[in-house]
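A short worksheet on the structure shown next.
The values are calculated or read from the model by the stated rules, or taken from the named source; none is laboratory data. Keep in mind the model is a prediction, meaning the values are calculated, not measured. Note: ideal-geometry Cβ built from the backbone for every residue, glycine included; neighbour counts use all protein chains shown.
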Ligand SMILES: Nc1ncnc2c1ncn2[C@@H]1O[C@H](COP(=O)(O)OP(=O)(O)OP(=O)(O)O)[C@@H](O)[C@H]1O
Ligand SMILES: [Mg+2]
């Protein structure tokens, strides 16, 4: 057994886990090399992790350590250079883009670090996007869009606007609404409170806690903010493209519960 593989076991969650349960997401010895002209950037160097159903995992690490690269590969937005990715027990590492998009739409809600809202669509249409393939009636879609916007601390006055007419923090809340509107089993969020003020960040943290506890959604957040990380059930540390350790969160440090 290699040293890297022991890191997998260390990173494995035992919360709410029964023997033989299949991870919702597993990365095995994943490497990612970006080529920029002649230069190669080794962004992931044998990253292994298992996320079990019902987990709420925070991933912390320095800038450039590979957090977004990890999340993009976990979210099937990108493919590893080497290693394997399993979603619900199925090897998805070598699927083509169309097949990955189909699975992603069904299973994953993704909050991008740079929001990635579609500029030519209204806020309403952006949030509605993940519901379109489901064939829900228009009225049902509208109900869900309004609910998600409210949950993500958004305002209905934004709905007819275009993304660039909103501030960064407002766009971030729209991105969160879009990720949760269809209640995907797995939410992957890259710095989801990075553009928010502290009070709003606290309410978003409370939303993630509620979605995890009450609706049993599995959540992975990448964050620099320890006050968000301590809201999770487990904190994983990433450094130089691999998971180097796990930490038990201290709930009293979670921004959703702090009174400051
Ligand atoms: N598309 C890309 N092309 C080339 N290099 C990239 C690309 N994306 C990321 N990298 C490089 O890979 C490494 C990891 O980047 P990544 O974005 O995953 O870091 P991060 O941990 O998310 O950082 P931050 O906290 O600043 O968001 C960095 O050295 C970065 O420069
Ligand atoms: Mg990043």
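Descriptive notes on the structure:
- Unique match (being more than 27 Å from residue 34 (Cβ to Cβ) and not in a loop (DSSP other than H, G, I, E, B)) among 202, 256: 202
- Residue within the range 245-260 that is within 16 Å of ligand 2 (Cβ to nearest atom), in contact with a strand residue (DSSP E or B) (Cβ under 6 Å, 6 or more places away or on another chain) and touching a residue at least 40 places away in the same chain (Cβ under 8 Å) present: no
- Checklist (1) in contact (Cβ under 8 Å) with a residue 60 or more places away in the chain; (2) over 26 Å from residue 149 (Cβ atoms); (3) surrounded by fewer than 22 Cβ atoms within 10 Å (Cβ to Cβ) applied to residue 236, failing item: (3)
- Being away from ligand 2 (no atom under 16 Å from the Cβ), touching a residue at least 24 places away in the same chain (Cβ under 8 Å) and within 25 Å of residue 125 (Cβ to Cβ) holds for only one residue in 198, 203, and it is 203.
- Among the conditions (1) within 17 Å of residue 105 (Cβ to Cβ); (2) assigned to a helix (DSSP H, G or I); (3) more than 16 Å from ligand 2 (Cβ to nearest atom), residue 184 misses just one, which is (2).
- Among the residues of the range 101-133, just one is surrounded by fewer than 16 Cβ atoms within 10 Å (Cβ to Cβ) and touching a residue at least 60 places away in the same chain (Cβ under 8 Å), namely 106.
- Of note, residue 49 does not satisfy the criterion of being within 12 Å of the chain's Cα centre (by Cα), away from ligand 2 (no atom under 14 Å from the Cβ) and closer than 23 Å to residue 251 by Cβ.
- Which listed residue, of 163, 226, 192, is away from ligand 2 (no atom under 16 Å from the Cβ), closer than 24 Å to residue 64 by Cβ, in contact with a helix residue (DSSP H, G or I) (Cβ under 7 Å, 6 or more places away or on another chain) and modelled with pLDDT of 95 or more: 226
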